[in-house]
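Trainee: Okay, here's the structure, questions in a sec.
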Amino acid sequence: MTTETTAISPPTIGGQLPTIQALAAFAEQHPTLPAAYITTHEPIPEHYVAARLDVQVDGPAFEAWRIALGADPAAVVLHTTASNTWLAVDTTYDGVRVHLAGFQTPLTADQLNAPRDTTAVSA
C-alpha cells in the first residue's frame, strides 16, 4: 500500500452539482411550494452512497411537496416518538435520491396507541 492508494479525496462542491442542479430545476418547476430546509449530499462511490437531497418541511407542507416530487403515497412512513411525530418518504427526482420529511405536532397518547391500517387513509 502507498499513500496514493489509501488517500481519500476531500469532498468538493462539484460533487454536489447533480443535487444542486436537480434542486434548481425543481424550484423552477414548483416556485410556489412552501420553503424548506434542504441539505445536499455528494455521492461517495467508495461507500456506495448516491447523491441525495434531504428536504425537511413543516407538516402542512409535506403533502404538497410529496405530490410535486411524485412520491408514492403508499411509501410514506409515519414515525412517532414520545416527543416528535413526522412523515417521511424516499423518492427520486431528476435522477437524484430525495428524502422528504414533514414534522408534525406530537400525537396524544391515544393517537399514538391507536391501531393503524391503510383503510382509514384517503387516497
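Trainee: Residue pairs, Cβ under 8 Å, 6 or more apart or interchain, first in the stretch 72-90 and within 15 Å of Val55 (Cβ to Cβ), second basic (Lys, Arg) and not in a strand (DSSP E or B). List them.
Mentor: Val76/Arg66; Val89/Arg66
Trainee: For residues in the stretch 52-91 being part of a loop (DSSP other than H, G, I, E, B) and surrounded by 12 or more Cβ atoms within 10 Å (Cβ to Cβ), which is modelled with the lowest pLDDT?
Mentor: Keep residues of the stretch 52-91 that are part of a loop (DSSP other than H, G, I, E, B), which gives 70-72, 76, 81-84.
Subsequent filtering for residues that are surrounded by 12 or more Cβ atoms within 10 Å (Cβ to Cβ) retains 71, 76, 84.
Numbers: Ala71: 97, Val76: 94, Asn84: 80.
Here the residue is Asn84.
The values are calculated or read from the model by the stated rules, or taken from the named source; none is laboratory data. Every value quoted in this text rests on a predicted model; they were computed, and no experiment measured them. No Cβ is skipped: glycine too gets one built from the backbone with ideal geometry, and neighbour counts run over all protein chains shown.
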